[in-house]
Amino acid sequence: MALETGLLIDHAETIERLTALLDAQWPDWYNPRGASARTDLSERMRRDGLPLGIVALVDGEVAGTCAVTAGSGGVVTERSPWLSGLVVAPEMRRRGVGRAMLGRARQEARRLGHQWIYALTADAAGLFEAEGWVEVDRIEVAGVPHRVFRARA
């Protein structure tokens, strides 16, 4: 299995598959709110600055995506940047894809001059803990408990 991560701007051919993946995995976020996965991905098509899109490929097939962004989940805070929008295709889970994207997000945050990177999660705390991220806060977003993690970029 060949797993690679790259900047979304260098893999524009993945936009269609990533749009479908985001729409399927987060229907509450994209459809009812009127938000557009395609628009979010388009805004992440850059090499420098935020938001910065990252894509993961397994044997050349789209496996997942995430971004390094100024904020996360609508949370306004002095903390920045954030790893956000982390999603792995269901058929690609448990293959190290999430771990690889966490590592690439840290690398990109460091490249952009940041000392720390944060993440907000309701469901993936185990992944962040396993990768050495440290919990720094607990908050509620839309009535749902979330944990805030931090890692050195």
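Out of all the residues in region 118-128, which are in contact (Cβ under 8 Å) with a residue 12 or more places away in the chain and out of contact with any Ser or Thr (no Cβ under 9 Å at 6 or more places or on another chain)?
T121, A122, A124, A125
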- Out of D40, D23, which single residue is free of Cβ contacts under 8 Å to residues at least 24 places away in the same chain and either within 16 Å of the chain's Cα centre (by Cα) or under 22 Å from A119 (Cβ atoms) (or both)? D23
- Message: List pairs: first residue in region 89-112 and in contact (Cβ under 8 Å) with a residue 40 or more places away in the chain, second residue surrounded by 20 or more Cβ atoms within 10 Å (Cβ to Cβ) and in a loop (DSSP other than H, G, I, E, B) anywhere in the structure, Cβ distance under 7 angstrom, at least six positions apart or on different chains.
- Response: A109/P81
- Message: Could you check region 1-56 and list, in sequence order, the residues that are modelled with pLDDT of 95 or more, among the basic types (K, R) and out of contact with any helix residue (DSSP H, G or I) (no Cβ under 9 Å at 6 or more places or on another chain)?
- Response: R17
- Query: Where in region 24-126 are there strands (runs of 3 or more DSSP E), lying fully within it, with 2 or more residues that are within 14 Å of A151 (Cα to Cα)?
  - Reply: 82-88, 116-121
- Item | Residue that is within 26 Å of R152 (Cβ to Cβ) and of a type outside the set (G, A, S), where the choices are L52, L22, L41 | L52
- Message: I need a count of the residues in region 111-126 that are among the hydrophobic types (A, V, I, L, M, F, W, C) and either loosely packed, with under 15 Cβ neighbours inside 10 Å or closer than 12 Å to V55 by Cβ (or both).
- Response: 1
- Can you tell which of E129, E108, E135 is surrounded by 21 or more Cβ atoms within 10 Å (Cβ to Cβ) and charged (D, E, K, R)? E108
- Message: Please go through region 138-153 and give me each residue that is in contact (Cβ under 8 Å) with a residue 24 or more places away in the chain and either out of contact with any Phe, Trp or Tyr (no Cβ under 9 Å at 6 or more places or on another chain) or surrounded by fewer than 13 Cβ atoms within 10 Å (Cβ to Cβ) (or both), ordered by number.
- Response: I139, V141, H146
- Single residue of region 81-105 satisfying the filter (at positive phi and of a type in the set (G, A, S)) that is surrounded by the most Cβ atoms within 10 Å (Cβ to Cβ): G85
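The values are calculated or read from the model by the stated rules, or taken from the named source; none is laboratory data. No experiment lies behind these values; they were computed from the predicted model shown. Don't worry about glycine lacking a Cβ; one is built from the backbone with ideal geometry, like all the others, and counts go over all protein chains shown.
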